[in-house]
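Structure first, then comments.
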Amino acid sequence: MAKTIEQLGSGGQRLAERELGWNRHVIRKGQREVSSGIICIDAFSSRGRKPTESRLPQLLEDIRAIVDSQSQTDPQFKTNRLYTRLSAAQLRIELIPKRDTATRNCRHPKPFANDSMS
């Protein structure tokens, strides 16, 4: 990409952006890589939303505590798997009070909008 722009000469970045649909910032990055000999590596894996486990480390234990009490074995004993009749929506409803309790025990709980009125 950068070598093509060099061949186009002055105004090559704008021409490539307009005619080929290339982003000028990417073109400049490529030209810097060619001139310096150093390849810039993007940190795509570092971007995005963090895993739920990092924000809520107790979540798996809380889910197991709820599901284990309502699990049952296969009635025909064909597998070793446990089954539960608990839906994801019901599990969420049961997890919310646990989360609120954990939030109350935090050092800096989130303020509620209605607390200022009392």
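The values are calculated or read from the model by the stated rules, or taken from the named source; none is laboratory data. Note that this is a predicted model, so its numbers are computed, not measured. Reconstructed Cβ throughout: ideal geometry from the backbone, glycine too, with neighbour counts over all protein chains shown.
Observations
- Here Ser54 meets each of (1) exposed (fewer than 12 other Cβ atoms within 10 Å of the Cβ); (2) in a loop (DSSP other than H, G, I, E, B); (3) within 30 Å of the chain's Cα centre (by Cα) with one exception, condition (2).
- Condition met for Thr103 (within 26 Å of the chain's Cα centre (by Cα) and modelled with pLDDT under 80): yes
- Filtered residues of the range 10-41 (kept if in a loop (DSSP other than H, G, I, E, B) and under 32 Å from the mean Cα position of the chain (by Cα)): Gly21, Trp22, Asn23, Ile38, Ile39, Cys40, Ile41
- Selected residue [in a helix (DSSP H, G or I) and touching an Asp or Glu at 6+ places or on another chain (Cβ under 9 Å)] from Leu91, Leu95: Leu95
- The range 24-51, residues that are in contact with a helix residue (DSSP H, G or I) (Cβ under 8 Å, 6 or more places away or on another chain) and surrounded by 12 or more Cβ atoms within 10 Å (Cβ to Cβ): Arg24, Ile27, Arg28, Gly30, Gln31, Glu33, Val34
- Filtering the range 66-74 for residues that are surrounded by 10 or more Cβ atoms within 10 Å (Cβ to Cβ), free of Cβ contacts under 8 Å to residues at least 24 places away in the same chain and in a loop (DSSP other than H, G, I, E, B) leaves a non-empty set.
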